[in-house]
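What follows is a single structure, written as structure tokens, with notes after it.
The values are calculated or read from the model by the stated rules, or taken from the named source; none is laboratory data. If you're wondering where the values come from, they're calculated on a predicted model, not measured in any experiment. Here the Cβ positions follow ideal geometry from the backbone for every residue, glycine too, while neighbour counts run over all protein chains shown.
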Amino acid sequence: MELDRPEPGPGEILVKLVAAGMNPFDWKVADGMLQGVVEARFPLILGQDGAGVVEAVGEGADRFRVGDQVYGSFGGIPRGLGSYAEFAVVPQDGPVATMPQKMVYSQAAAVPTASMTAYNLVEKTGVEDGRTVLVIGASGGVGQAVVQLAALKGGYVIATASPDMTETMLHLGADETVDYRAGDLFETVSEAHPDGVDVLIDLVDGERELDMLAGTVKKGGVVASTVGQANTAGLKKRGIKAYNFQNKASGELLAVLAELIDGGKLTVHVSREVDLAETPAAIAEAKRGGARGKTVIRL
């Protein structure tokens, strides 16, 4: 649809977007799954992530200049704004930063939510040298970043992956992979690691599956769910620290990620690019799962 171009208010910047990144959060908002959690204004432009060029700055905004190449999270759901559009506004001190120098717009747009989530997950769960980390849902955008960042911290990474993704996971830094479709995942991991793993990061499972997989975690270990399915009280009784993880985005973290990307320590795989008109079909496909990287929308 055609809407008026948003204008930057005091302390805000207006960005002419070149590309937007797709995330599960977007279609969950569209489906009304987050009612009571996220208050939306309609008509609502979907999308959080994007990359583009600063078009204008509001009063008092001096962190960025017109013409700067930036990337970040441009969601403004309470105002009906998002990144699936030609223009977006964001506070200059919000989750926006200068783009990685070694990326084009379509790559940079795929970074923010997935990579910030992964970075914060690895920090929150205390991944460090010598700790064994089991990553469930490793093939998606967040999962691929978790594998890389956990390996960078010195963790021994076990990634779930179908056979066609095994080579990719190993290239990203996984020490071993497990085919989640080949048999009972709990039994496979338990047999290979009878002493248990230190950290379980689960990006996909429901409470029942997660509770079972938590049996692979040694006493004193950590479990984190990004989909709110960790029975924190029950796992605590089993001697396991558990989190239903909530991400925190910031411009400072995006700057850290840009350094990692430009230093060759973090890569982001864009598996598909679509035009804006193709977005509804791409969202429908994303709902079916089985992501092999990030989907990006060309604007």
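Could you list all residues from region 8-32 that are in a strand (DSSP E or B) and either closer than 18 Å to S271 by Cα or not charged (D, E, K, R) (or both)? Correct list: I13, L14, V15, L17, V18, A19, A20, G21.
The test for being assigned by TED's automatic domain parsing to the domain that holds L172, of a type in the set (D, E, K, R), surrounded by fewer than 24 Cβ atoms within 10 Å (Cβ to Cβ) and in contact with a Gly (Cβ under 9 Å, 6 or more places away or on another chain) holds for R131. If the condition is being modelled with pLDDT under 95, out of contact with any helix residue (DSSP H, G or I) (no Cβ under 9 Å at 6 or more places or on another chain) and assigned by TED's automatic domain parsing to the domain that holds F74, then region 1-34 contributes K28, G32. For the criterion of being over 19 Å from G140 (Cβ atoms) and of a type in the set (A, V, I, L, M, F, W, C), M116 fails.
If only residues of region 20-68 that are farther than 19 Å from P6 by Cα, crowded, with 23+ Cβ neighbours inside 10 Å and not small (G, A, S) are counted, the one that is nearest to the chain's Cα centre (by Cα) is N23.
Yes/no per residue for (1) within 20 Å of V256 (Cβ to Cβ); (2) among the aromatic types (F, W, Y); (3) touching a strand residue (DSSP E or B) at 6+ places or on another chain (Cβ under 7 Å):
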position: V70; (1), (2), (3): yes, no, yes
position: G75; (1), (2), (3): no, no, no
position: R79; (1), (2), (3): no, no, no
position: Y84; (1), (2), (3): no, yes, yes
position: V89; (1), (2), (3): no, no, yes
position: Q92; (1), (2), (3): yes, no, yes
position: Q101; (1), (2), (3): yes, no, no
position: Q107; (1), (2), (3): yes, no, yes
position: A110; (1), (2), (3): yes, no, yes
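List pairs: first residue in region 69-88 and farther than 16 Å from E55 by Cα, second residue of a type in the set (D, E, K, R) and crowded, with 23+ Cβ neighbours inside 10 Å anywhere in the structure, Cβ distance under 7 angstrom, at least six positions apart or on different chains. Between residues of region 69-88 that are farther than 16 Å from E55 by Cα and residues that are of a type in the set (D, E, K, R) and crowded, with 23+ Cβ neighbours inside 10 Å, the close pairs are S73/D49. Screening A109 on (1) under 30 Å from D4 (Cβ atoms); (2) in contact with a helix residue (DSSP H, G or I) (Cβ under 6 Å, 6 or more places away or on another chain); (3) of a type in the set (G, A, S) shows it passes everything except condition (2).
Within region 100-119, identify whether any single residue is over 19 Å from the mean Cα position of the chain (by Cα) and assigned by TED's automatic domain parsing to the domain that holds P43, and answer yes or no.
Checked region 100-119: at least one residue is over 19 Å from the mean Cα position of the chain (by Cα) and assigned by TED's automatic domain parsing to the domain that holds P43.
Of the residues making up region 164-187, those that are loosely packed, with under 14 Cβ neighbours inside 10 Å and within 19 Å of R208 (Cβ to Cβ) number 4. Selection of region 149-160 for residues being buried (at least 24 other Cβ atoms within 10 Å of the Cβ) and out of contact with any Lys or Arg (no Cβ under 6 Å at 6 or more places or on another chain) yields L149, A150, V157, I158, A159, T160. Name the residues in region 264-296 that are over 15 Å from the mean Cα position of the chain (by Cα), modelled with pLDDT of 95 or more and either assigned by TED's automatic domain parsing to the domain that holds L149 or in a loop (DSSP other than H, G, I, E, B) (or both), would you? Residues satisfying the conditions are G264, K265.
The residues of region 235-257 that are touching a strand residue (DSSP E or B) at 6+ places or on another chain (Cβ under 6 Å) and not in a loop (DSSP other than H, G, I, E, B), listed by number, are L235, K241, A242, Y243, N244, G251, L254, A255. Residues considered: V227, V222. Of these, the only one that is among the β-branched types (V, I, T) and at pLDDT 95 or above is V222.
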